[in-house]
1. With a cut-off of 8 Å between alpha carbons and a minimum separation of six or more residues, what is the relative contact order of region 22-79 in percent?
2. Considering only 125, 40, 51, give the residue with the highest GNM mean-square fluctuation for the chain, with springs between Cα atoms whenever their separation is below 10 Å.
3. How many angstrom separate the Cα center of region 43-57 from the Cα center of region 100-116?
4. Counting pairs of alpha carbon atoms under 8 Å apart in space and at least six apart in sequence, what relative contact order in percent does region 83-157 give?
5. Helix-only estimate, please: 222 nm mean residue ellipticity of the chain, summing -39500 (n - 2.57) across DSSP H runs of length 4 or more and dividing by its residues, to the nearest 500.
6. Give me the angle, in degrees from 0 to 90, between the Cα long axis of helix 4-20 and the longest principal axis of the Cα atoms of the chain, rounded to the nearest 10.
7. Return the single residue from 114, 122, 145 with maximal mean-square fluctuation; model: Gaussian network over the chain, springs between Cα atoms under 10 Å.
8. Taking the chain as the reference, fit the longest principal axis to its C-alpha atoms, fit the long axis of helix 139-156 to the helix C-alpha atoms, and give the angle between the two in degrees, 0 to 90, nearest 10.
């Protein structure tokens, strides 16, 4: 082997990329929130993965559901279930004014609204960061800040 360090480095990058990955709000396949059932955030103990067989398309995005009942509830009033900030990390929108992908299982419902958060590795430092934790310490102020920043982000489009 002429380049063992190059091979090791490429292997580590491949492994680390998958470990550090978060879920984009809408994937390349136009599926929202990694296929999680948005209604299940509101009516289950924890969110459930939906099925592509039980799907509803809203504004060009595909939403998967764990049951026909959840699909029916969503189809009657999609806006009631959609996450804030188009599904980007609420904390990052508030603190940094940036769109950051999320971990679909890290969330908070406040005043009937779904907020999603980053929860994962900080990279090669080996540290973990759950953005829900600092959010909870100052939620009311961060919601106001996130709402203000989101308006700025949307207006940049």
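Bear in mind that the values in this text are calculations on the coordinates, not laboratory data. Since we're looking at a predicted model, the values are computed, not measured.
1. On the way: 96 pairs, mean separation 17.5, N = 58.
About 30 percent, as a whole number.
2. 125
3. When both Cα centres are located, 15 Å separates them.
4. Values: 117 pairs, mean separation 24.7, N = 75.
After rounding, I find 33 percent.
5. On the way: 6 runs with 63 residues, N = 157.
Taking each H run of at least 4 residues, the total per residue is -12000 deg cm²/dmol.
6. For 4-20 against the chain, the angle is about 10 degrees.
7. Most flexible of the set in this elastic network: 122.
8. Approximately 80 degrees, to the nearest 10.
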